[in-house]
Amino acid sequence: MKKYALGLLAGLLLSINAMAENIFPVSREMGSGTRGAFVEIFEIHKKVKDKKLDATTQKAEVTNSTGVMLTTIANSKNAIGYISLGSLNDSVKALKIDNIAPSVENINNKSYKISRPFNVVTKTTNPLIEDFLKYSTSTQAKPIVEKAGYIAVAKTSFTSTQPRGIPKHIINPCQ
């Protein structure tokens, strides 16, 4: 899972004519990875004491999920927001950047400039996690990742180490 494109973008790209109408910005909640990527990619921040702070407009409606974002955008003529390419559906229209449409092909060939990596994190590791991570980036997982609308980075085949059992801290996290 190499990158997730941000399929819908901010009013930065709207023409002056479109700005004559009221634009209805929609954003994700603070702490959302999609919002963090959007703010970082478009440099929507202000600097306060050597720290970059999110400067998303206070006028934006804040949603708490991709589903709510899609529904909000689909039901408002002048709404504009952002989602990952893998979440894009026919209820909304993805915007072109520099006349380039967001697509797996355009992200891979780097002609569509708006994308971000997907990071998998864990507090600890164990053989089951390692096996899963190897599988998720394998040629066997590639069709699953691509069917979901995301971009696979698969380069090698997967062979399981066949770990057994569920780690004790997962069964009883209090121990």
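Every read-out reported here was derived from the displayed coordinates using simple, explicitly stated rules and does not represent laboratory data. What you see is a predicted model, and the numbers here were worked out from it, not measured in a lab. Note that we place each Cβ from the backbone using ideal geometry, even for glycine, and neighbour counts take in every protein chain shown.
Structure summary
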{"quantity": "Per principal axis, descending, Cα span of region 12-111 in whole Å", "calculated": "41, 33, 30"}
{"quantity": "Calculated FRET value between LYS96 and ALA55, using beta carbons and R₀ = 30 Å, to 0.05", "calculated": "0.75"}
{"quantity": "Anisotropy class of region 27-175 from Cα gyration tensor, a/c 1.5 cut", "calculated": "prolate"}
{"quantity": "Members of LYS96/LYS134; LYS46/LYS113; LYS47/LYS123; LYS113/LYS147; LYS47/LYS113; LYS51/LYS96 lying beyond 27 Å, as alpha-carbon distances in this model show", "calculated": "LYS96/LYS134; LYS47/LYS123; LYS51/LYS96"}
{"quantity": "More than 12 Å apart - percent of Cα-Cα pairs taken over region 124-166", "calculated": "58 percent"}
{"quantity": "10 Å binning of all Cα-Cα separations within region 82-163, expressed as whole percents from 0 upward", "calculated": "15, 39, 28, 14, 3"}
{"quantity": "Contour minus Cα-Cα distance for THR125 and GLU105 (0.36 nm per residue)", "calculated": "3.9 nm"}
